[in-house]
Amino acid sequence: MWLQHGRRCYSTTTRLFPTRTIRSLLDPNVAQESNVSVRAWVRSVRKQKQVAFVNVNDGSSMKGMQAILTPEQAENLSTGACVQLTGALVESPGKEQGKELQVADVQILGECDSTYPLQKKRHTFDFLRSINHLRPRGNTGSAVLRVRHAASEGLHRFFARHEFVQVHTPILTSNDCEGGGEVFKVTPASESKPSTEFFNKPVFLTVSGQLHAEMLACALSRVYTFGPVFRAEESVTSRHLAEFWMLEAEMTFIDRLDQLLDVTEASIQATTSHVMDTCADDLAFFQKFIDDSLMDRLSQSVDKPFARMTYTEAIDVLQKANKKFDFPCTWGLSLQSEHERYLASEYCKSPVFVTDYPAEQKPFYMRTNPDNKTVSCFDLLLPGIGELVGGSMREERYDLASTVQPHMGVMVSDLNGSCFRQTGIKERDKGILVYCSFSSVAFFSLKGLLCVQLLFLKLLLLCPISLWGSAFLYAIFSDGSFLCGTYGSCLYGLYSCSRFFTLCLFVWSFSYDLFSSYDFVFDDFCAFNDRRILVFNSSVVSLT
């Protein structure tokens, strides 16, 4: 730092942060150093007669770092306290860690009293839900955040590598997309004129960015969007969330369904591989304490092609299965959760695409197959999870798109004035050939952790909602602090991961790589308790 014309200036050639993360210090390629400072939170303190062992963690890794202190240095340390430890980074004689910190100086940055509830033992998820503000400090909560961040990073990199353009569709909208009717209406909290609409028309929280993305794809060829979507569904289950994040991709110039399946499969496999490479310790933790079959399932989904079958073939398999189902397996009826689990977990024992569903089951915009009974679409089913992704070819033939079949329950007269009538059908008469899309409905709850199959029912109880956001980076540098996002909503995440941020309209090609290189965790951490949403929008407010 230096002064120029009375102003405080900062050099971009020096290291950005006063200390390095524990993750970077524990890297096997980092040499031993005689003077290293670590800023982190105390996980445990174990005092002996001649020496004290303190485990500290800054949220950047699962293991944390063991620090060796004298009993006098550790006298005022307690679990949960925020500290700065300075000393020599040396090779550890223990088997649990490769390096340890021989501490010469201790500074307590934030004290913590004896009422701190997280101790060195396993806590139940029910207990953790009762202390939401501290939940990310536990091993499970922090591991979930790091895995979700890595999955987000991997997915964005996949789409960037394949020349997709990330777009941002409105959250407030006047359309109901597929017409499900399960929308939240938006009105001012203090409405001065109750009889009038704020926007002069009814406005809702979006249920999908599909309609906007379709139009953008007709200009940019390949687009995708991450965004929150909202469903006013009454059911209180893991499959009926009021808020979740959804990825929707739209592609033009794909004229066969199998091409769309190839893109979907590649995105899942690339993202899973990235998470396995990036979060090995976190996955090992899940393997040990949550699901001992996790790594086998993940490896299988990466190493082997996904199975593919038509809806008709799936019905035939279910009817021949030596198993009694609660719901009937008849052609024309929807596949239930038990049917999907059987197909993926027992019959295929791998991810499986089910394609070409009956037209009556699907939205009117999906492309009709030559048999005039089915449409060109798919659902991707995962072992232990069920449906993860859904997609279809769009009906580009103007005569069919403008005369929706009566058996679908939608007539052209019903579409007059609607967004689909105004944009979707009209675009089909303006040089549009063929296009398709898929939306990863299950990506963005813990139902889709890893984007593939890190659904653990126990974890789902922990934090069943919300992943990943994307938005333009706005930052304010002042007196060594970094502010990104909303100050008032940052605290929960900040005090579990030392570098934490939430973004809106983010320029991935530049800024995402920058923040990843400094061990930021990117997330939007939400939880449901009795259908009441507790949102922890996590942002960096101070690099302490």
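Observations
- Residue match in segment 128-142 (condition: open to solvent by 30 Å² or more (accessible area, probe 1.4 Å), at pLDDT below 95 and over 28 Å from residue 275 (Cα atoms)): yes
- Counting only strands (runs of 3 or more DSSP E) that fall entirely inside segment 292-409 and contain at least 2 residues that are β-branched (Val, Ile, Thr) and in contact with a Phe, Trp or Tyr (Cβ under 9 Å, 6 or more places away or on another chain), the qualifying elements are 352-355.
- Considering only residues in segment 314-351 that are free of Cβ contacts under 8 Å to residues at least 12 places away in the same chain and farther than 21 Å from residue 239 by Cβ, the one that is least open to solvent (accessible area, probe 1.4 Å) turns out to be 316.
- Odd one out for residue 34 among (1) at pLDDT below 90; (2) open to solvent by less than 30 Å² (accessible area, probe 1.4 Å); (3) touching a Gly at 6+ places or on another chain (Cβ under 9 Å): (2)
- Single residue of segment 389-401 satisfying the filter (crowded, with 16+ Cβ neighbours inside 10 Å and out of contact with any Cys (no Cβ under 8 Å at 6 or more places or on another chain)) that is modelled with the lowest pLDDT: 401
- Test result for residue 54, without any contact (Cβ under 8 Å) to a residue 60 or more places away in the chain, open to solvent by less than 30 Å² (accessible area, probe 1.4 Å), closer than 22 Å to residue 123 by Cβ and not small (Gly, Ala, Ser): yes
- Selection status of residue 184, modelled with pLDDT of 90 or more, crowded, with 19+ Cβ neighbours inside 10 Å and of a type in the set (Phe, Trp, Tyr): no
- Odd one out for residue 291 among (1) in contact (Cβ under 8 Å) with a residue 24 or more places away in the chain; (2) open to solvent by 40 Å² or more (accessible area, probe 1.4 Å); (3) more than 19 Å from residue 162 (Cβ to Cβ); (4) of a type in the set (D, E, K, R): (2)
- Residue count for segment 294-313, restricted to those that are at pLDDT below 95, closer than 29 Å to residue 361 by Cβ and either of a type in the set (Gly, Ala, Ser) or crowded, with 17+ Cβ neighbours inside 10 Å (or both): 2
- Hey, residue 207 closer than 21 Å to residue 381 by Cβ, open to solvent by less than 20 Å² (accessible area, probe 1.4 Å), touching a Cys at 6+ places or on another chain (Cβ under 9 Å) and β-branched (Val, Ile, Thr) or not: no
- Residue 285 being open to solvent by less than 50 Å² (accessible area, probe 1.4 Å), among the aromatic types (Phe, Trp, Tyr), touching a strand residue (DSSP E or B) at 6+ places or on another chain (Cβ under 7 Å) and touching a residue at least 12 places away in the same chain (Cβ under 8 Å): no
- Residues of segment 248-277 satisfying the condition of being in contact with a helix residue (DSSP H, G or I) (Cβ under 7 Å, 6 or more places away or on another chain) and not small (Gly, Ala, Ser): 248, 250, 251, 252, 254, 268, 269, 271, 272, 274, 275, 276
- The selection criterion, being over 23 Å from the mean Cα position of the chain (by Cα), among the basic types (Lys, Arg) and either within 30 Å of residue 394 (Cβ to Cβ) or open to solvent by less than 20 Å² (accessible area, probe 1.4 Å) (or both), does not hold for residue 121.
- Residue that is at pLDDT 90 or above, of a type in the set (Gly, Ala, Ser) and either open to solvent by 70 Å² or more (accessible area, probe 1.4 Å) or at negative phi (or both), where the choices are 217, 232, 189: 217
The values are calculated or read from the model by the stated rules, or taken from the named source; none is laboratory data. Everything numeric in this text was worked out from a predicted model, so none of it was measured. So basically every Cβ, Gly included, is an ideal-geometry build from the backbone, and we count neighbours across all protein chains shown. Surface areas here come from the heavy atoms of the whole protein model, side chains and all, with no ligands, DNA or RNA. Shrake-Rupley method; radii C 1.70, N 1.55, O 1.52, S 1.80 Å.
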